[in-house]
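Asks: Attaching a single structure in structure tokens format; questions to follow.
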Amino acid sequence: MSSEKHAHWYFGGIASVGAACVTHPLDLLKVTLQTQQGHLSVLRLVPKIMQEQGVLAFYNGLSASILRQMTYSTTRFGAYEVGKEFVNTDTFAGKIALAGLSGMIGGIFGTPADMINVRMQNDVKLPPELRRNYRSGVDGIVKVYKTEGFRKLFSGGSTATARGVFMTIGQIAFYDQIKSTLLATPYFQDNLVTHFTASLMAGAIATTLTQPMDVLKTRSMNAKPGEYKSLWDIVLHTAKLGPLGFFKGYVPAFVRLGPQTILTFMFLEQLRLNFGYEKQ
């Protein structure tokens, strides 16, 4: 991302895993808010989870979250870095095009782990006899494959892939563009202040672009067999809550995605500056 040192293709995956470990409790709150039909606020939901399930409940599905970052984020960041060799990213349009393609590829690869992540986070809300009790992300994928078939692993894949496209445009393309714009002024250097500023703005943009699809994706992945006939059926069901239903959980989504984006890029930039390579 700099004219001096460049990131290896796998740095984005490593940075995303590190960020996910820190922000996972926020992700769990976001998923819980999106799937509930009631109106519990974050301030009431946090003590409720602690009382009923204990502090460790905030890390339900962590293994699936890490597995998701290893597939989804490693693929999209890797595709973006490798794609720079073939696509002109000097223009914002070039950045958006490459980020969109990278997000689509990452969304496809990340869907199975994403679905298991949503299920593991919601398992404790189900009656004991209906719980899936996956031991880990890998165990969940194996069980779904054996009991529900290969296609079920890609349940919610269309919304997850669309979300991946907009997420990657919001995060990577906008981060790259904002950072380049800041560095073109005399007030910013390639340091933590610039990385923080650009990633905070990119996180806000990414949250706004992806929230409607994120709500639909979460409902689709968490649905019982036959609960919804199609994606349009989920749209209609969500629309009953009003236009803001598509932005349900927006504040916790940003509270989670903001720090996730900031930490990912700050980790990534430190990896690039300290372990990156110089082009010959």
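Asks: So which residues in the stretch 38-67 are surrounded by 14 or more Cβ atoms within 10 Å (Cβ to Cβ), of a type in the set (S, T, N, Q) and either touching a Leu at 6+ places or on another chain (Cβ under 6 Å) or closer than 13 Å to D123 by Cα (or both)?
Replies: N60 - this is the single residue of the stretch 38-67 that is surrounded by 14 or more Cβ atoms within 10 Å (Cβ to Cβ), of a type in the set (S, T, N, Q) and either touching a Leu at 6+ places or on another chain (Cβ under 6 Å) or closer than 13 Å to D123 by Cα (or both).
Residues are listed down the side, and each one gets a yes or a no for (1) of a type in the set (A, V, I, L, M, F, W, C); (2) over 18 Å from I66 (Cβ atoms); (3) out of contact with any Cys (no Cβ under 7 Å at 6 or more places or on another chain):
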site	(1), (2), (3)
G100	no, yes, yes
F109	yes, no, yes
V118	yes, no, yes
K125	no, yes, yes
E129	no, yes, yes
N133	no, yes, yes
G137	no, no, yes
R151	no, yes, yes
G164	no, no, yes
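Asks: So, in the stretch 90-120, how many residues would count as being surrounded by fewer than 23 Cβ atoms within 10 Å (Cβ to Cβ) and polar (S, T, N, Q)?
Replies: Residues that pass the stated criteria total 1.
Asks: Looking at L216, L263, L273, L244 in this structure, which one is out of contact with any Gly (no Cβ under 9 Å at 6 or more places or on another chain), part of a helix (DSSP H, G or I), open to solvent by 10 Å² or more (accessible area, probe 1.4 Å) and touching a residue at least 40 places away in the same chain (Cβ under 8 Å)?
Replies: Exactly one residue qualifies, and that residue is L273.
Asks: So, one more: Residues that are at pLDDT 85 or above and part of a helix (DSSP H, G or I): does the stretch 47-56 have at least one?
Replies: To start, the set of residues in the stretch 47-56 that are at pLDDT 85 or above comprises 47, 50.
Next cut, part of a helix (DSSP H, G or I) only: 47, 50.
Checking the stretch 47-56: at least one residue is at pLDDT 85 or above and part of a helix (DSSP H, G or I).
Asks: For the stretch 156-173, how many residues are more than 12 Å from the chain's Cα centre (by Cα) and either among the aromatic types (F, W, Y) or open to solvent by less than 30 Å² (accessible area, probe 1.4 Å) (or both)?
Replies: 6
Asks: Identify, by number, the condition in (1) surrounded by fewer than 14 Cβ atoms within 10 Å (Cβ to Cβ); (2) not in a helix (DSSP H, G or I) that Y134 doesn't meet.
Replies: (1)
Asks: So, one more: Scan the stretch 247-260 residue by residue and report those that are free of Cβ contacts under 8 Å to residues at least 40 places away in the same chain and aliphatic (A, V, I, L, M).
Replies: none
The values are calculated or read from the model by the stated rules, or taken from the named source; none is laboratory data. This one's a predicted model, so the numbers in the text were calculated from it and none came from an experiment. So basically every Cβ, Gly included, is an ideal-geometry build from the backbone, and we count neighbours across all protein chains shown. Ligands, DNA and RNA are excluded from the accessible area calculation, which covers all protein heavy atoms including side chains. Shrake-Rupley method; radii C 1.70, N 1.55, O 1.52, S 1.80 Å.
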